[in-house]
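Written below as structure tokens is the structure these notes are about.
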Amino acid sequence: MPARGGAELTQAAGPALERLRTAEHRSVGTNQTAKAIRRGRAQLVFVAADADRRVVEEVLAAVREAGLMVIEVPSMRDLGRACGIAVGAAAAALLTPPAGDG
């Protein structure tokens, strides 16, 4: 999938997905991920290649505004599994720990 609207998109999902899988702080889903980006907590954003573009457009717009990197994951199922959920996920992000955590 080509990058949309200037968002930097890569398919180097393997090692990054492992980081997401083991992350203590992550967002799962388009709403949580868009909020995390807007709040400045997202470090790295993941979008499923098979997600409907209308569903992830808010995330991609927030990514462009924040200048973050987006990693494309082959499927929503793969992204959901990496997040430890039994259903697919259209978007997710690695987050910085909340203030006062650690």
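Details
- Of all residues in segment 84-101, those that are acidic (Asp, Glu) and in a loop (DSSP other than H, G, I, E, B) have Cβ atoms under 9 Å from Cβ atoms of residues that are modelled with pLDDT of 95 or more and surrounded by 12 or more Cβ atoms within 10 Å (Cβ to Cβ), 6 or more apart or on another chain, in Asp101/His25.
- Index of the failed condition, Arg53 passing every other in (1) buried (at least 23 other Cβ atoms within 10 Å of the Cβ); (2) over 13 Å from the mean Cα position of the chain (by Cα): (1)
- For Leu9, the conditions (1) modelled with pLDDT under 95; (2) not in a strand (DSSP E or B) all hold with the exception of (2).
- In segment 52-59 there is no residue that is within 18 Å of Pro98 (Cβ to Cβ), of a type outside the set (Asp, Glu) and at pLDDT 95 or above.
- Output for segment 33-50, where each listed residue is of a type outside the set (A, V, I, L, M), surrounded by fewer than 23 Cβ atoms within 10 Å (Cβ to Cβ) and in contact (Cβ under 8 Å) with a residue 12 or more places away in the chain: Arg38, Gly40, Arg41, Gln43, Asp50
- Some residue of segment 37-45 being in contact with a Ser or Thr (Cβ under 6 Å, 6 or more places away or on another chain) and closer than 22 Å to Ala86 by Cα: no
- Of all the numbered requirements in (1) aliphatic (A, V, I, L, M); (2) within 13 Å of the chain's Cα centre (by Cα); (3) modelled with pLDDT under 95, Ala36 misses one, and that requirement is (3).
- Scanning segment 22-79 for residues that are closer than 11 Å to Ala92 by Cβ, part of a strand (DSSP E or B) and not aliphatic (A, V, I, L, M) gives Arg26, Ser27, Phe46.
- Residue ID - modelled with the highest pLDDT, chosen from residues in segment 60-83 that are farther than 11 Å from Leu17 by Cα and of a type in the set (Val, Ile, Thr): Val63
- Residues in segment 56-102 that are among the acidic types (Asp, Glu) and more than 18 Å from Arg38 (Cβ to Cβ) were compared, and the one that is surrounded by the fewest Cβ atoms within 10 Å (Cβ to Cβ) is Asp101.
- Verdict on Ala3 being at pLDDT below 95, surrounded by fewer than 20 Cβ atoms within 10 Å (Cβ to Cβ) and out of contact with any Asp or Glu (no Cβ under 8 Å at 6 or more places or on another chain): yes
The values are calculated or read from the model by the stated rules, or taken from the named source; none is laboratory data. Just so we're clear, the structure is a prediction, and the values are computed from it rather than from any experiment. With ideal geometry, Cβ positions are generated from the backbone for all residues, glycine too; neighbour counts draw on all protein chains shown.
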